[in-house]
Each structure stands twice: as structure tokens, then as C-alpha cells.
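All remarks here apply to the structure that follows.
The values are calculated or read from the model by the stated rules, or taken from the named source; none is laboratory data. If you're wondering where the values come from, they're calculated on a predicted model, not measured in any experiment. In this analysis, Cβ positions are derived from the backbone assuming ideal geometry, glycine residues included, and neighbour counts consider all displayed protein chains. Heads up: the accessible areas ignore ligands, DNA and RNA and are worked out on the full protein's heavy atoms, side chains in. Shrake-Rupley method; radii C 1.70, N 1.55, O 1.52, S 1.80 Å.
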Amino acid sequence: MLEIDEKATIKNTRKFFEKDLERYQTMCAGRYDIHSLNFDNIKVNSSANPSAVTNRYNLIIAYNDRLACLKPAIDNCTNEPTKPYKRVLELKYLKHLLAWQVAENIGYSHTQYNVIYKQALLQFADIYLMEQLKQGVKDILDLHAYKGV
């Protein structure tokens, strides 16, 4: 059984929220379900490489599928007074509050917040993976890092 590298998983999950998520939202225009679109007969005359266009569309579909799993994964994170992981993720990444604002909002010191924040990222990585599996995402993004791999 593979052992999870928690430090690297936290780093991967933070990168996902702080860098990748914005790219996903930009590529997918953030709020559209693109599965109803038909890409079969689309022609792009300015492209020297038609397969690159197809690859781009496939990438957009993968990003859209991953975005669809984001909110359900956050919603399934623990939200108890001693483990307010859902609340931390919502405030930090959906409402874009700063760390000190999140800490103040949940009633913890900055040091305690850092511990909770890291645990929230680890739990999100687990739940996000399961949500992608549950929704049948074809190009799954595993935020975990594994020791010895």
C-alpha cells in the first residue's frame, strides 16, 4: 500500500487552489457545462495542427469535469467546531479571504488556524479524489503525493 507524503500533498492541494483552479475556471469560462456542446464538426482554419485543437477541447472537458467535483468535495469536508475544514476552504478559496480573516472568522489563533488549514487540505485531497471517481471523471487529478514513488 502506498504511503501518502502529507507535506507534499498539502503543497499539491494548495497549488491546485491557488494556481490551477483559476486556469480551470478561465478555460471553461467558470460556469458553463460544456458537455452539451458538440465538438465533432468544429473546424479551426487558423490552426496548423488540427490534433492540437482536439487536444485543447479534450483538456477543456477534463477541466470542466474537475471543476464539477470541486464544490461537492468541499461540501463533504468535515464541518465541526473542532474541525471546521469545510468552512476554512469556503472562506479561503471560494470567498477569497486572507488567512488572518479566516482564522478570526472561525475563532482560532493564527497558529491553530495553520494546523486546521493543513488538515483541511489533506482531507480535501482525499474527498476530491473520491468525488472524481464517483462522478466518473475520465481524466482524474490525484492531489496526493506518495512516498517512494
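Worth a mention:
- Filtered trypsin sites (Lys or Arg not before Pro), segment 51-149: DSSP coil and at most 14 other beta carbons within 10 Å: 95, 138, 147
- Using the 1.4 Å probe convention, the accessible area of the chain works out to 63 Å² per residue with neighbouring protein chains retained.
- Using a simple spin-label model with pseudo-atoms 7 Å out from Cα toward Cβ, residue 57 and residue 94 lie 3.3 nm apart.
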